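*Asks:* Sharing a structure here in structure tokens format.
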Amino acid sequence: MACWGIAEAQTIKVTGRKCEPEQGCNGDSTRFELTGVTASSWNWTFQDPNSPDPQANRSMKAKPAHLYLQPGSYNVKVTGNLRAGGTYSKDTTIRISALPPAFEFFQGKEDTTICKDNPLVLDPYDSKSFQGTPPAEGTVKYLWYPTGDTTRTITVTEKGCYSVEVMNADSCTVTDRINVKICGESDQQASKWYFGSNAGINFEGGQPSAITDGKINTPEGTSSISNRKGDLLFYTDGITIYDAEGNPMPSRDPSDTTSLNGSRGSTQAALIVPQPSCRGCETIYYVFTTRDVNDSIRCLEYTRVDMRGNGGKGIILDKNNQTGECNVSERLTSIQNPADSSYWVLSHENGTSKFILKRLTKSGLEDANSPSIGLPHTTKYQGEGQIKFATSGGKMGVVIPGPARNYVEIYNFNDSTGAITPPPITLDLGPAPPSAYGLEFSPDGEKVYVSLRGNDSTESVLYQYDLTGADSTTIASTRIEVARSEKEFGALQYAPDGKIYMAIKDSEYLGVITPSSGDSTEVDFQLDGFYLAGKRSQLGLPNFVQSIIEPPSGPGISAEDVCFGEPVELTTGAICDPLKDKYEWDLGMVRPREPSSPRRTYTRLRERIRLR
């Protein structure tokens, strides 16, 4: 018996979100596809009276999408031509469901601060901040991140990002998050470093200790990321992503065993950047990679990681996605946009004067204004060396190694708009070799440090410049030679302990700079500043989103210099911002005082001051 063909029933397949959009988010569209027929054209009509643009109610795509702004029933119709001849027509009615009651933690605040060991109850429908009637018990489901709890409330005592998803019977969800901070504790997202020949550092708690079980063995750039508590999430050398247990992270597709397209010989081979989330905690991370300037293909690419996968150990969603940028240098840096919590990602073309600026948003990676300004990076070797944003914001710097001469350029950078403002401060570092390689700003952005990498015939050098001057000539005159050595200096990186670390090739030590403040011209530098417990540094150090590096915080006491016998004003910073502080000063042989800035005239040259 032979079958000559049976006509399938024409059906409009409906996928995607069938709910009204969540407040403050763009919303996921409802998607449509005609099945059961082979068509050559499509004319879709979405009878949506709430659409702000009448043109949005029509589409000629094979698989269109439409965003419904209000709940209700809507008719959808498609007509067109069949590939075999003739026409077709099909319509259906869909229902867009309402959301559960929307909520915001603490009247929409992004952060809240608690004292250590003081429990905090999180409730999406807390009567103090939610105006309305909470959903009745059993009508919605709750799912908390990262705890996995399914109750309406949870109690937390640790810092971190917490979010809850509330789902109704129609599978429509609303979500919100809150970043819980602990008084006196800084975020620890940059607390775990992996680099060099199986070397590492743990900055958790503010004091560094060596890590000796790292799996990375690479000559140059790496990147790592931890959560706000300091728990390691993953790290990479731009080729392999390692999870917190040191195992290669699996791909969502088990058959995909390809490596990332970064290069072991790239200065900043990798950079991990969290993707902003509309209302939930950040769980998706972009791993950007660059290639060695000697490689024939040098494209800026990214790989995506989802930390919800593989039991919370992370899973690779996709690899080596193209950004549309090739002929890219080895440079890569990032900083957060304070205006909307997106992230700027910056690189530079090789062979031109063009910067490459991208913006990572909750919707994905977007192109940003990428100006051609400053010195051209004409030779391939001028594509080596670091580019950095200042952790304090407002500045960006890039080294341009020789031959023939080495330069560093410092630009003003608008963290909110992404504008790179010319002309730069241009500093001539002298002939190459040695070749300019590392760059880092002091935490206040007023000084910059540049390392020059020596070779068999020239010494390595470390310079400091004061950036408070008005022009290149003035700033060039402030140069201080911090160190000179036959050892090979490499990358510079600001750390959570408030110091700047310098890689030294094949050394069991890192150099350590303790940045000076104010007008001081003294530089505290130790060539053998941190011992790696038998592991070895190479040229690279981990690359971070610069704004996530938070130094230890505390009140401290400061005072202006005054003449003997005159009043002196003492000042302390906030102890636990934004909590209200109470101060009690012991000024020595006088009764305690409560203001945060008391005044007193001392009659002796040395007296002890206490703050409780």
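The values are calculated or read from the model by the stated rules, or taken from the named source; none is laboratory data. These figures come from a predicted structure and were not determined experimentally. Note that each Cβ is placed from the backbone with ideal geometry, even for glycine, and that neighbours are counted across all protein chains shown. With ligands, DNA and RNA removed, areas are computed over all heavy atoms of the protein, side chains included. Shrake-Rupley method; radii C 1.70, N 1.55, O 1.52, S 1.80 Å.
*Asks:* Which of the residues belonging to segment 111-155 are part of a loop (DSSP other than H, G, I, E, B) and in contact (Cβ under 8 Å) with a residue 60 or more places away in the chain?
*Replies:* Cys115, Lys116, Pro146, listed by residue number.
*Asks:* Sticking with this one: When the residues of segment 166-189 are narrowed to those that are out of contact with any strand residue (DSSP E or B) (no Cβ under 7 Å at 6 or more places or on another chain) and buried (at least 18 other Cβ atoms within 10 Å of the Cβ), which ends up farthest from Ala495 (Cα to Cα)?
*Replies:* Glu185
*Asks:* Determine which member of the set Gln275, Gln207 is surrounded by fewer than 17 Cβ atoms within 10 Å (Cβ to Cβ) and in contact (Cβ under 8 Å) with a residue 24 or more places away in the chain.
*Replies:* None of the other options fit; the residue is Gln207.
*Asks:* In this structure, does Glu522 turn out to be open to solvent by 40 Å² or more (accessible area, probe 1.4 Å), more than 18 Å from Phe203 (Cα to Cα) and part of a loop (DSSP other than H, G, I, E, B)?
*Replies:* Yes: the conditions hold for Glu522.
*Asks:* Output the residue which, of all residues in segment 404-419 that are of a type in the set (A, V, I, L, M) and buried (at least 21 other Cβ atoms within 10 Å of the Cβ), is farthest from the chain's Cα centre (by Cα).
*Replies:* It comes out as Val408.
*Asks:* Restricting attention to segment 159-170, does a residue exist that is without any contact (Cβ under 8 Å) to a residue 60 or more places away in the chain and of a type in the set (Gly, Ala, Ser)?
*Replies:* yes
*Asks:* Next question. Of everything in segment 156-178, what is touching a Ser or Thr at 6+ places or on another chain (Cβ under 8 Å), of a type in the set (Asp, Glu) and part of a loop (DSSP other than H, G, I, E, B)? Give them in sequence order.
*Replies:* Scanning segment 156-178 gives a single hit, Asp170.
*Asks:* List pairs: first residue in segment 531-545 and of a type in the set (D, E, K, R), second residue crowded, with 24+ Cβ neighbours inside 10 Å anywhere in the structure, Cβ distance under 6 angstrom, at least six positions apart or on different chains.
*Replies:* Final answer for the pair search is Lys535/Ala199; Arg536/Gly196.
*Asks:* Sticking with this structure for a sec: Take the residues in segment 351-364 that are open to solvent by 10 Å² or more (accessible area, probe 1.4 Å) and more than 13 Å from the chain's Cα centre (by Cα), then tell me which one is nearest to Glu110 (Cα to Cα).
*Replies:* Ser363
*Asks:* Does Ile335 count as in contact with a helix residue (DSSP H, G or I) (Cβ under 6 Å, 6 or more places away or on another chain), closer than 21 Å to Leu492 by Cβ, modelled with pLDDT of 95 or more and not hydroxyl-bearing (Ser, Thr, Tyr)?
*Replies:* yes
*Asks:* Looking only at residues that are open to solvent by less than 20 Å² (accessible area, probe 1.4 Å) and within 14 Å of Pro401 (Cβ to Cβ) in segment 435-458, which one is nearest to the chain's Cα centre (by Cα)?
*Replies:* Leu439
*Asks:* Can you name the residue in segment 228-258 that is open to solvent by 10 Å² or more (accessible area, probe 1.4 Å), modelled with pLDDT of 95 or more and among the polar types (S, T, N, Q) and is also nearest to Ser329 (Cα to Cα) among such residues?
*Replies:* Result: Thr240.
*Asks:* Same structure, new question: Being assigned to a strand (DSSP E or B) and at pLDDT 95 or above is the filter here; which residues of segment 179-194 pass it?
*Replies:* Hits for segment 179-194 are Lys192, Trp193, Tyr194.
*Asks:* Go over the candidates Asp149, Asp117 one by one and state the one that is open to solvent by 40 Å² or more (accessible area, probe 1.4 Å) and either at positive phi or in contact with a helix residue (DSSP H, G or I) (Cβ under 9 Å, 6 or more places away or on another chain) (or both).
*Replies:* The unique qualifying residue is Asp117.
*Asks:* Within segment 294-333, can you find the residues that are open to solvent by 20 Å² or more (accessible area, probe 1.4 Å), in contact with a strand residue (DSSP E or B) (Cβ under 8 Å, 6 or more places away or on another chain), touching a residue at least 40 places away in the same chain (Cβ under 8 Å) and over 23 Å from Ser277 (Cβ atoms)?
*Replies:* Those that are open to solvent by 20 Å² or more (accessible area, probe 1.4 Å), in contact with a strand residue (DSSP E or B) (Cβ under 8 Å, 6 or more places away or on another chain), touching a residue at least 40 places away in the same chain (Cβ under 8 Å) and over 23 Å from Ser277 (Cβ atoms): Arg298, Asn320, Gly324.
*Asks:* Residues of segment 12-41 being open to solvent by less than 30 Å² (accessible area, probe 1.4 Å) and aliphatic (A, V, I, L, M), which ones?
*Replies:* Listed by number, the residues that qualify are Ile12, Leu34, Ala39.
*Asks:* Another one. Restrict the check to segment 365-375 and report whether at least one residue is within 28 Å of Lys499 (Cβ to Cβ), assigned to a strand (DSSP E or B) and not aromatic (Phe, Trp, Tyr).
*Replies:* no
*Asks:* Every residue in segment 101-128 that is among the polar types (S, T, N, Q) and under 17 Å from Thr155 (Cα atoms), please.
*Replies:* Thr112, Thr113, Asn118, Ser127 - these are the residues of segment 101-128 that are among the polar types (S, T, N, Q) and under 17 Å from Thr155 (Cα atoms).
*Asks:* In addition: Take Thr289 and tell me if it is under 17 Å from Thr236 (Cβ atoms), more than 14 Å from the chain's Cα centre (by Cα), touching a residue at least 60 places away in the same chain (Cβ under 8 Å) and surrounded by 17 or more Cβ atoms within 10 Å (Cβ to Cβ).
*Replies:* no
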